[in-house]
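Take a look at the structure below.
Quick note: the coordinates plus some simple rules give every number you see, no bench work behind them. Here the structure is a predicted model, which is why all the values come from computation and not from measurement. For neighbour counting, all protein chains shown are included, and Cβ atoms are generated from backbone atoms with ideal geometry for every residue, glycine included.
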Amino acid sequence: MKHFRVDEDVPFADLPEPFKEALYFGTNGEPIEMNFASNGEKKVAKPFEGLVPQMQRLYEQTGSEFTRNRIRAFMTRVLCKICDGARLKPEILAVTIRGASLQLAKDRNLQSCATTELNIHQFSEQTTEAAARYIDNLELSAQQRTIAAEVVREIQSRLQFLVEVGLGYLTLDRESGTLSGGEAQRIRLASQIGSGLAGVLYVLDEPSIGLHQRDNARLLGTLRRLRDLGNSVIVVEHDEETIRAADHIVDLGPGAGPRGGQIVAQGKLEEILRAKNSLTADYLSGRARIAIPKQRTKPRLPKNGEGWLTLVGAAENNLKNVDVSFPLGCFTCVTGVSGSGKSTLVDDILRRALFRHFYNSKERPGSYRALTGLEQIDKAIVIDQSAIGRTPRSNPITYTGAFTPIRELFAQLPAARVRGYDAGRFSFNVKGGRCENCEGGGLIKIEMHFLPDVYVECEVCRGQRYNRETLEITYKGKNIADVLKLTVDEAARFFRNVPTISDKLTALLDVGLGYLQLGQAGTTLSGGEAQRVKLATELAKKATGRTLYILDEPTTGLHFADIEKLLQVLMKLRDAGNTVVVIEHNLEMVKCADWIVDLGPEAGERGGEIVGTGPPEAIVDLAKSYTGKFLRPLLEKR
């Protein structure tokens, strides 16, 4: 600062650019006089390296993973300045193929084809659907067609398989890490169709994830095609249309966890519908159904922007510079066909912008001009289906915070006070009361090097986590290890006279998790169960009424009965004054929303527009809305 004669009191944003450039990237050989006062006064004149080169050097040379992770926090991904994201040399990009005439390209909606001559990078920037049309209309001479016929046929068939499984909106250069689980699964499915194998048993886990009802028929057609080739297809699924299309159905239940595990019914659809002890049959036959709210929460009339969170000029990926308003204090569903821009709008732009505002997040939001109404909310929370912990130590009782008052209760017992035990004695994460052989895990991890780690029961405590002295302290005849083995149902009755504990357990009951054990390892929970544990944790907190909750397809892996419970929880959060924004395809949830933001009308380049906003009754009247078309029959059953 002395060298550049910069005032220390000037805000950083107002400092001269030459100084900022030198600070970030160094003085380019120009020496700076520096004083070192560690071992007496010592003056040195040498060029300043710059913060960015210094961090790059440290990142490459350090042997410390901690240092490397700390430096990663200052990194972000940007396009390569040499190739501008094309990845290839100019000589390779000079090779082009000629497609249809420009007029034909326009007629067939090949919007991504700025020119009919494309290099490999330009071709891979197209959506699967556009690329298939482009290949279909290649301009080849008779000689070229003879040479390339086999290659063209292979490309056409592979692209067509991707379109058939509902992935026509994905660009060919889409990074695999950005694909949803359902999209990745359908890509693998497309590759299997292309193999043309017969006599294979295929097992699919919820292939309809992330798929709009419009595209379901395509997926079902693909599964039938696999069957007709002479294969067997087993599908784990909750989607009604998929269940009805099956040749044979196996229904498990009747409840979840210890209350399930039995074959309730099996056979053709007609046989399943007659089953008496089947929740699936109840919902499929209409004996039970998720009721549409008699009265929806109405958004406030916009007055100086009050009551609304407004995103202006969203233009990331395929979004067409759209303005979207989310009503505060309401339950909003963001809908649209797969690939219409829902995740880009809610996750890439809205969530990242909110996290940057509230938590100074390093993630850069997608392109937008303004976000207004932020002063009306105090925090944003994402409730997803990721695991509540990475090791068996994490469990529902620790995640919800119910374990702290349980440990405090045990510490207050006369036997514990006589021995001088505090609440920490009953924690399996700190030394003192835990079994030191397994360090309170109850399980011992065995590293298998080239295989996944294996956990085996501790031979000292037999999975109880605690030492003998700690287990001698009992409450109503149960020690701390016995309490961890209780189900939420049993624990709620056991601690019904202790409000600090029962309130948190009641929240778990409200989300339908009464069958879980308190100490069940978080790694054994399904995505839907982990999500509901997170929801229960939020329910147990004192509501501020100014929180924005964001959920991305929360119905994934949930049965009709579970969806009903999930809706009740979301309505409770909304009724406390909070705002709930959900990306969703499941019509049972969409029909219960207060407000819908429908994107489309199509996927990829032909999407990214606001088809309509309003309550479900308004969306069904929109001619361009596929969501409205499939929603209408459900609303008519009201």
Completion exercise
With -39,500 (n - 2.57) per DSSP H segment of 4 or more residues and division by the full residue count of the chain, the 222 nm estimate, nearest 500 deg cm²/dmol, is -10000 deg cm²/dmol
Handout entry: Karplus-derived HN-Hα couplings along the range 478-491 (A = 6.51, B = -1.76, C = 1.60, θ = phi - 60°), whole Hz, x at Gly and Pro
Key = 10, 8, 5, 5, 5, 4, 5, 8, 5, 6, 4, 4, 5, 5
Practice task
Report, by chain and number, residues whose modeled amide H sits under 5 Å from the one on residue 597, excluding near sequence neighbours (fewer than 5 apart, same chain).
Solution key: 333, 334, 335
Problem - Given charges at beta-carbon only (K, R positive; D, E negative), |dipole| of the range 396-524 in Debye - result: 420 debye
Practice task
Using only Cα atoms, locate the centre of the range 42-96 and the centre of the range 120-197, then give the distance between them in Å, rounded to an integer.
Solution key: 34 Å
Handout entry: Relative contact order %, the chain, counting alpha carbon pairs below 8 Å whose residues are six or more apart
Key = 12 percent
Handout entry: Likely footprinting exposure, 12, 19, fewest C-beta neighbours within 10 Å first
Key = 12, 19
Fill in the blank from the handout: Assertion target for 209, 263, ordered by fewest C-beta neighbours within 10 angstrom first, is 263, 209
Completion exercise
Among 383, 599, 448, the residue whose Cα sits farthest towards the positive end of the charge dipole of the chain, when +1 is placed on the Cβ of each Lys and Arg and -1 on the Cβ of each Asp and Glu, is 383
Handout entry: Kirkwood Rh, Cα atoms: Rg over Rh of the range 396-524
Key = 0.99
Exercise for the section: Amide H neighbours of residue 264 under 5 Å, at least 5 residues apart or on other chains, H built in the peptide plane: list them. Expected result: 251, 252, 253
Fill in the blank from the handout: Sparse-neighbourhood loop hits (trypsin sites (Lys or Arg not before Pro), the range 398-476; DSSP loop; Cβ within 10 Å at most 12 others) -> 431, 462, 476
Completion exercise
If unit charges are put on Cβ atoms (+1 for Lys and Arg, -1 for Asp and Glu) and the dipole of the range 396-524 is taken about its Cα centre, the option from 413, 522, 500 lying farthest towards the positive end turns out to be 413
Completion exercise
In whole angstrom, the spacing between the Cα centers of the range 603-630 and the range 472-540 equals 41 Å
Problem - the range 409-448 - convex hull of alpha carbons, volume per residue in Å³ - result: 65 Å³
Problem - Residue exposure sequence - 410, 36 - by fewest surrounding Cβ within 10 Å - result: 36, 410
Exercise for the section: Filter the GluC sites (Glu not before Pro) in the range 352-424 down to the DSSP loop ones having no more than 15 other Cβ atoms within 10 Å, then list what survives. Expected result: 363
Problem - Reciprocal mean inverse distance between Cα atoms of the chain - Kirkwood radius, Å - result: 29.1 Å
Handout entry: Whole-angstrom Cα spans of the range 273-325 along principal axes, big to small
Key = 54, 32, 11
Exercise for the section: Of the DSSP beta bridges with both residues in the chain, give the percent that are antiparallel, rounding to the nearest 5. Expected result: 60 percent
Problem - Cβ-placed point charges (K, R +1; D, E -1), dipole of the chain about Cα centre in debye, nearest 20 - result: 1380 debye
Problem - lysines with Cα under 28 Å of residue 46, excluding same-chain neighbours fewer than 8 positions away - result: 2, 20
Fill in the blank from the handout: HN-Hα couplings for the range 551-557 via Karplus (6.51, -1.76, 1.60; θ = phi - 60°), in whole Hz with x for Gly/Pro, come out as 10, 10, 6, x, 7, 4, x
Handout entry: Label-point separation in nm, residue 618 to residue 568, each point 7 Å along Cα→Cβ
Key = 3.1 nm
Handout entry: Charge tally in the Cβ shell below 15 Å around residue 493, where Lys, Arg are +1 and Asp, Glu are -1, residue 493 excluded
Key = +1
Problem - Residue-wise HN-Hα coupling along the range 397-402, computed from phi with Karplus coefficients 6.51, -1.76, 1.60 (Hz; x: Gly, Pro) - result: 6, 6, 5, 7, x, 6
Practice task
Would you mind listing how long the range 349-409 runs along its three principal axes, going by Cα atoms, in whole Å with the largest first?
Solution key: 51, 25, 17
Completion exercise
Straight-line reach check, residue 541, cutoff 26 Å on alpha carbons, 8 or more apart in-chain or any other chain, hits among lysines -> 298, 379, 485, 504, 565, 572
Handout entry: Sequence-distant residues sharing a close amide H with residue 361 (under 5 Å, placed H)
Key = 356
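Give the Rg/Rh ratio for the range 462-560, taking Rg as the radius of gyration of the Cα atoms and Rh as the Kirkwood radius, to two decimals.
1.03
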